[in-house]
1. Which one is farthest from the ligand (Cβ to nearest atom), of the residues in the stretch 300-319 that are in a loop (DSSP other than H, G, I, E, B) and modelled with pLDDT of 95 or more?
2. Of everything in the stretch 188-214, what is crowded, with 17+ Cβ neighbours inside 10 Å and part of a loop (DSSP other than H, G, I, E, B)? Give them in sequence order.
3. Going through the stretch 320-351 one residue at a time, which ones are surrounded by 19 or more Cβ atoms within 10 Å (Cβ to Cβ), away from the ligand (no atom under 11 Å from the Cβ) and either closer than 25 Å to Val145 by Cβ or of a type in the set (D, E, K, R) (or both)?
4. Using beta carbons and a limit of 6 Å, which pairs, at least six apart or on different chains, have the first residue in the stretch 314-335 and over 17 Å from Ser57 (Cβ atoms) and assigned by TED's automatic domain parsing to the domain that holds Leu348 and the second one outside any strand (DSSP E or B) and away from the ligand (no atom under 15 Å from the Cβ)?
5. Please note which strands (runs of 3 or more DSSP E) are completely contained in the stretch 215-281 and include at least 2 residues that are surrounded by fewer than 22 Cβ atoms within 10 Å (Cβ to Cβ).
6. Would you be able to say whether some residue in the stretch 279-287 is free of Cβ contacts under 8 Å to residues at least 40 places away in the same chain, more than 16 Å from the ligand (Cβ to nearest atom) and of a type outside the set (D, E, K, R)?
7. Out of all the residues in the stretch 352-380, which are more than 30 Å from Ser57 (Cβ to Cβ) and crowded, with 16+ Cβ neighbours inside 10 Å?
Amino acid sequence: MTAWEIKGWCPGALRPMQSGDGLVVRIRPPLGRLTPQQAQAIAQAAKTHGNGIIDLSARANLQLRGVTEVSHPRLIDDLRAQNLIDPDIETESLRNLIVTPFRDAETTQLAATLTAALTRMPKLPGKFGFALDTGPRPVLTQASVDIRVERSPDGRLILRPEGHPLGQSVTDLAQDAIAMANWFVQSGGITNGRGRMAALIAKGTVPPGCTLAPAEPLPTPTPGLYPDGALVALAFGQIQAETLHALAALGHEIRPTPWRMLLIVGATELPAIPGLITDPSDPILRITACTGAPGCPQALGDTRTLARKLAPHLAAAQSLHISGCAKGCAHPSAAETTLTATGQGYDLIRNGTAHDTPSQRNLSPQAILDHLKAPNAPHL
Ligand code: SF4
């Protein structure tokens, strides 16, 4: 039994989720990319129908916040005019696909093929997702998905179930992906409508023909220039509508990533737009913080204001997870240091998750700040 609510489904545009600051409307960019016009329309819609705040999710989707029951239908009309809305809720909820931002024309074609195949999958749990990671080397290995499309070191396509080091050789991407999803269902991967591939694989059940290793993955990229364009980061994965407007006005395709960064395709210099982080050493990038109070109704304290106060004082190389409650949405796995809001302050957890046993309880924000500012202060 947990003290927090587990929803077991992800919001969409047609099926938004209620949050502390209104409805959260999640846009899944088709094929993982936005034209400048689509990005402009999203920025305008966020201002007109929401509170102007847009989150970039860990699955490379955009979430408009502060939408109301009254503004939602008009928002959908505006986004539909830009081909950003699926025909119905069912189609939308099936489109759980992350596409690598670093790609060639074949990847975009493969994304179209896999997207079409998603509508022919068996009934899968709401969180079940796919990654199309078909650049020369995988870059999406940290993303939470269930079936991965990658390349072997010699460039062959492979289909790899999450949690297993090897994958199957692909002969027909759509058919093979559907077959692996069917295998998941028939092998007992779903209980009470929920289930993840990694949990099934951990029981020692493996789909047939998994003999090929993927190419060595690349580390998670940092902001900077890449052959595909400029990668810019957003503090806590949040962008203001004005910033997205300015970015879209540069006229480049924009590819959201699961790293709380946007790839500005074809840009040859880093954009100097307020609100974008282009310095990979910026300490705010070492802090993960969920929405917290007041945006999340389950939050027991603020997260991001505290993060901005602490960031300049973090020891070099220290990373920090600040969680508004013990659920730990922004960093479900163990972190070096976690501060979990309790309503009476923040519990300090070392090398654990937001709900592990704390080493110190109910620290005040000032006590945490004083600790960091102390001369020769050790890591939190
Ligand atoms: S971890 Fe953060 S975002 Fe998740 S439920 Fe708790 S307060 Fe809300």
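1. Of the residues in the stretch 300-319, the ones in a loop (DSSP other than H, G, I, E, B) are 300-303, 314-319.
Next cut, modelled with pLDDT of 95 or more only: 300-303.
On the way: Leu300: 7, Gly301: 8, Asp302: 10, Thr303: 7 Å.
Going through the qualifying residues, I end up with Asp302.
2. Within the stretch 188-214, the subset crowded, with 17+ Cβ neighbours inside 10 Å is 189-190, 195-197, 200-201, 207, 210, 212, 214.
The answer is Gly189, Ile190, Gly195, Arg196, Pro207, Cys210, Pro214.
3. Matches in the stretch 320-351: Ala335, Asp347.
4. Close Cβ pairs (under 6 Å, with a partner that is outside any strand (DSSP E or B) and away from the ligand (no atom under 15 Å from the Cβ)) amount to Leu314/Pro283; Ala315/His379; Gln318/His379; Ser319/Arg286.
5. Working: elements: 224-226, 229-233, 238-240, 254-256, 261-265.
So the answer is 224-226, 238-240.
6. Checking the stretch 279-287: at least one residue is free of Cβ contacts under 8 Å to residues at least 40 places away in the same chain, more than 16 Å from the ligand (Cβ to nearest atom) and of a type outside the set (D, E, K, R).
7. From the stretch 352-380, those more than 30 Å from Ser57 (Cβ to Cβ) are 359-362, 364, 366-367, 370-371, 373-378; that's our starting set.
Result: Gln360, His371.
To keep it simple, each residue is scored yes or no on (1) over 30 Å from Gln109 (Cβ atoms); (2) of a type in the set (Ser, Thr, Tyr); (3) out of contact with any Gly (no Cβ under 8 Å at 6 or more places or on another chain).
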| position | (1), (2), (3) |
| --- | --- |
| Pro36 | no, no, no |
| Asn61 | no, no, yes |
| Gly66 | yes, no, no |
| Asp77 | yes, no, yes |
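The values are calculated or read from the model by the stated rules, or taken from the named source; none is laboratory data. Bear in mind the structure is a predicted one, so any value in this text is a computation, not a measurement. Cβ sites come from the backbone with ideal geometry, for glycine too, and all protein chains shown count toward neighbours.
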